[in-house]
Amino acid sequence: MRREGEIYVVHRLLDEQICDSEGRRVGRVDDIELRGNPPRITALLVGEGLYPRRLPGWAARLARRISGPETWGSNALRIPWEDVDDLSSTVKLRKKAEDLGLGEGDDPQRWIVRRLPWN
Amino acid sequence: MTGTGRKRAGCSALGLFLAIAALLFSGCGDLSNDELNRGVESLSALAAQGQLVANGVARDATKTTYARVMARTLGGEAEHEAEKLADATIEEPGTEDQRHAAVAVAGEISGLLSELQTFPGDERHGELIEKHLEEAGEKADAIVAQLSGDAP
Amino acid sequence: MKTIFKIALGIIAAIGGFLDIGDLVFNTQAGALFRYDLLWAVVLGTIGIAVYAEMSGRVAAVSGRPVFDVIRMRLGFGFGLLALIASTLVNLLTVAAELGGIAIVLELLFDAPYSMFVITGAIALVLIVALLPFGGIERLFGYGGLVLFVVVATVFHQNPDWGAVAHGFVPSLDSSTLYLYFVVGVFAAALMPYEVHFYSSGAIEEGWTEENLKENRLNALLGYGIGGVLSVALVIISGYLFHPLGVEPSDLGTVALPMQGAFGETGLLLALGGILFCVGGAAIDSSFAASYNLAQFLGWEWGRYQGPRKAPRFTASWLVFLLLGIAIAQSGINPVEITEYSVVFSVVALPLTYLPVLLIAGDRSFMSEHANGRIASALGWIYFAVIVVLSLAAIPLLLATNGGGG
C-alpha cells in the first residue's frame, strides 16, 4: 500500500497499530489530522487524551473526567505525516519511539515502570 | 404529556414495580408444595452422592482426603437444606407432617456424612454409612411419593 | 509415522488444556439432569469454537493481527471499547472461577484450606509463566490435561446404552426452560472466547506466517475436537451414573466420582490430576487473554516473548488480573457459581468479539487469497446467527431458571 496513493482512511488507517523504526509497538492511530482543501492527511494523533473525541456524548464526558484535558506533548501526541514510512499491517514510522515522544508507557526510564519489581 | 407529568408517570411506574417485586419476594420463606418437593428431592440426591463416596471408602478404592472433603461439602449442603426446610413456613396445611419428616431425614443425612468425614479411611464405617445413607435416601423418596400423592 | 506424532504433539500443546471449569461443570450437570439429550449441543459448540479459532488463527497468521487488533480496526474505538469492557469482565470472572477450581482440586487432594490453595495456586502459575517459555507452558498443561482421557476409558468400561447415547446426538428441543438454559450453557462453555483470543495471540507469539495455515486448520479441528471428545465423555458418564440416581452435581469433586467408581483410587487421582491441569491451563489462558486484549486494544507492546522489561504494562496488567481473580475467588462465592455466571455472560458478549473476526476473515484487502472461501463463509455466518440467538436468550433463561436451579 503506497502512501501517495489512495487509502481508505477510516477502514485502514484509523485505529491502526503504530510501530516505530525498530518495530516496537507504540500505540494506535487515535485520530487523524486533515488540513487544507481538498483535505490532506498532515499528521497522526496518538494518546489517551484523544479518546473522549471518539466516544458519544455521555461516554465522552465520563472519559474526559478520567483522562483529563488534551495536553499536547503528554496525553496527546502529534506524529507528522512525513515521519510515516510505510503502511501495511501496521503504520511503520521512520524514527525511533523516543525521537517522537512515543511509547513512554513502556519506557523503562519512566518512574512508574522503574518501580515494577523486575526493572 | 408535560415534563413534570412524564416524571410523575415514571414515579408511579417505579412504585408499581416495587410493589410487584415486594409481592414476589414475600413468597421467599414460604414453602409451597413444589418447593418442599424439590427440597426433599435434593436430599435424596445428596444421599445418593454420599453413598457413592461411602462406597469408595468401603472398598478402599478412594483417597481419604477426597472422601473427607466430599463428605464435608455434602454434609454442609444437607445441613443447609435442613435449615431451609425447618425455617420456612408451610403454605399448604396438610404437608406439615412431611416437612417434619424431611427435616428429620436431612438431619440424619447430615449426621451420617459427618461421621464419614471423621472416618474417611475406615472401610467398616464406610460400609455402614453407605447402607444407612441408602435407607435415608429411601425415606426421602417415600416423602416425595407422599407429597405427590397429596397433590391435587 | 514420526511426523504424525510430531503433529499430534503440536496440536495437543497448541490447545493447552482442553477443558476448563465451565466445561466440567456444565457437561456434568447436563448429563445428570438430561442424561444424553444434550450431546448435540456439545457437538454444536465444539464445531463453533473450531470455526472461530480457525478464522482467528488464519487472520493472525496472514495479517499479523490478533483478535483485539481486529476488533478495534473493524468496530472502531467506541464499540471496540464496549467489546473490551465486556470481554475483560467475563475474563475476570473466568480467571476467578479457574483459580477457585485449582484450589478445590488441591483441597480434595491435600485437605488444607481452600483460601490457602487459591493463593498457592496463583503463585505456582506465576512461577510457571516466569520460568517456562510460551511453548513449554502450553506443552505442560496440554500433556497434563491428556490424563483426563480416563473419562473416556471410564465410559467404555461402563458400557452405557449406546443406542440412547447415539440418540442424544440428534438435536431435540425440549420445551422446559431448564433444558434450554443448558443448551445455552453447554454451547457457551464449549465456545469460550478467551480460548480463541489466547489462541490468536499465541499464533503471533509463535511467529506464525502463511506457511502455518495447514497447522492452524489441524489445531482447530483436531485440537478442539479432542476437547469435544472429552466433553462428550463427561456428559455420557454423568448421564450413566448420576441421572438414574437423581444426583445434582454442584461441586467440582463430583465430576471425579464416576472415575473413582470405575477404577478406584487410580481413576480418582487421574481424574483429579487431569482436572487440575486443564483448569490450571485455563487460568493461564484466561488471564493472558485479558492482558492481550487490553494491550492490543490500546496499542501497548505485548507478548510473553517480549519479556517483562520490553512489555512492562502488559506484564503488570496480567498480574493485576491475577490479583483481582484471587480476590474474587476468595470472596466466599462458590467457584461453581462464579463459573455459571462467567459462562452465561461470555455468550452474551460473544457476538461483539466474533463478528469483527468473521468480517476480517472474509475481507480480501486484509487476507488476499486466504480470505474465507464458500464453506468457511457459510459456516461462519451460520454460527454468527446461532451465537446471536443464544446471546439474546441467555440472560432471560438464566433468570427464568434461577441460575440453573430449576
Answer rounded, prolate or oblate for region C:274-401, using the Cα gyration tensor with square roots of eigenvalues a ≥ b ≥ c: rounded when a/c is under 1.5, else prolate when a/b is larger than b/c, else oblate.
oblate
Gain upon complete extension [A:Ile41, A:Val9; 0.36 nm per residue less C-alpha separation]:
10.6 nm
Assuming 0.36 nm per residue, please report the length gained on full extension of the stretch C:Val386 to C:Leu245 beyond their Cα-Cα distance.
47.4 nm
With the contact rule set at Cα under 8 Å and sequence spacing of 6 or more, what percent relative contact order holds for region C:1-138?
24
I'd like the accessible area for C:Val155, computed on protein heavy atoms only with a 1.4 Å probe and all protein chains in place. Round to 10 Å², please.
10
For region C:2-400, the fraction of alpha-carbon pairs in successive 10 Å shells from zero, as %:
5, 25, 35, 25, 9, 1
Which residues in region C:343-375 have a backbone N closer than 16 Å to a point placed 7 Å from the Cα of C:Phe79 along the Cα-to-Cβ line?
C:349-363
Mind jotting down a quarter of the surface of the convex hull over the alpha carbons of region B:30-147, in square nanometres, one decimal?
6.1
Give the relative contact order (percent, whole number) for region B:30-147; include only Cα pairs under 8 Å separated by 6+ residues.
44
Let a ≥ b ≥ c be the square roots of the eigenvalues of the Cα gyration tensor of region A:9-114; is it rounded (a/c under 1.5), or, if not, prolate (a/b larger than b/c) or oblate?
oblate
Probe 1.4 Å, all protein chains in place: accessible area of C:Ile226 in Å², nearest 10?
40
Cα convex hull of region B:68-113, projected area averaged across orientations, nm²:
2.9
Which percent of the accessible area of the protein assembly as shown is formed by carbon and sulfur heavy atoms (probe 1.4 angstrom)?
62
Would you mind computing, in nm to one decimal, how far apart the modelled labels at B:Ser32 and A:Ile66 are, each placed 7 Å from Cα along Cα→Cβ?
4.3
Length gain on complete extension for the stretch C:Ala378 to C:Ile395, per 0.36 nm per residue less the alpha carbon to alpha carbon distance?
3.4 nm
Have a look at C:Tyr194, C:Ala271, C:Tyr224 and report the one farthest towards the positive end of the charge dipole of the protein assembly as shown, computed about the Cα centre with Cβ charges (Lys/Arg +1, Asp/Glu -1).
C:Tyr194
The summed charge of the C:Phe297 Cβ neighbourhood (under 14 Å; Lys/Arg +1, Asp/Glu -1) stands at +1
Run through every distinct alpha carbon pair of the protein assembly as shown and return the Kirkwood hydrodynamic radius in angstroms, one decimal place.
27.2
Rg/Rh ratio calculated on Cα atoms of region C:253-340 (Kirkwood radius)
1.14
With an 8 Å cut-off on Cα pairs and a minimum separation of 6 or more residues, tell me the relative contact order of region C:2-400 in percent.
37
DSSP beta bridges in the protein assembly as shown: the antiparallel percent, rounded to 5, is 75
With a 1.4 Å probe, how much accessible area is buried between chains C and B, both sides summed, in Å² to the nearest hundred?
2000
Of A:Leu14, B:Leu116, C:Leu132, ordered by accessible area with the largest first and a 1.4 Å probe, the sequence is C:Leu132, A:Leu14, B:Leu116
Count charges around B:Val105 for me, please; just the other residues with Cβ under 12 Å from its Cβ, Lys/Arg as +1, Asp/Glu as -1.
-4
Where chain C is the region considered: accessible area per residue in Å², 1.4 Å probe
35
How high is the FRET efficiency between C:Ser172 and C:Val126 when r is their beta carbon distance and R₀ equals 35 Å, given to the nearest 0.05?
0.15
Going by the alpha-carbon gyration tensor, a ≥ b ≥ c the square roots of its eigenvalues, is region C:12-84 rounded (a/c under 1.5) or, if a/c is not under 1.5, prolate (a/b greater than b/c) versus oblate?
prolate
What does the structure give for B:64-73 when I average, per residue, the other chain Cβ atoms found within 10 Å of the residue Cβ?
6
Spatial separation of Cα centroids for region C:283-309 and region A:12-68, in angstrom
21
Could you run the Debye sum over the Cα atoms of region C:272-316, one equal point scatterer each and no solvent, and tell me log10 of I(q)/I(0) at q = 0.30, 0.34 Å⁻¹, two decimals?
-0.99, -1.13
Within region A:61-90, list the residues whose amide N lies under 20 Å from a label point set 7 Å along Cα→Cβ of A:Asp107.
A:68-81, A:83-84
Count, lysine Cα pairs under 29 Å in the protein assembly as shown, 8 or more residues apart or across chains
9
Test of understanding: extend the Cα→C-beta vector of C:Glu210 to 7 Å, then name every residue of region C:50-71 with backbone N under 19 Å from that spot.
C:55-66
Computed [θ] at 222 nm, helices only, for the protein assembly as shown once each DSSP H run of length n ≥ 4 contributes -39500 (n - 2.57)
-23000 deg cm²/dmol
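The values are calculated or read from the model by the stated rules, or taken from the named source; none is laboratory data. The structure displayed is predicted, hence computed values, not measured ones. Because the Cβ atoms are built from the backbone with ideal geometry, glycine has one as well, and the counts that use them run over all protein chains shown. Protein only, heavy atoms only, side chains kept; ligands, DNA and RNA dropped before computing areas. Shrake-Rupley method; radii C 1.70, N 1.55, O 1.52, S 1.80 Å.
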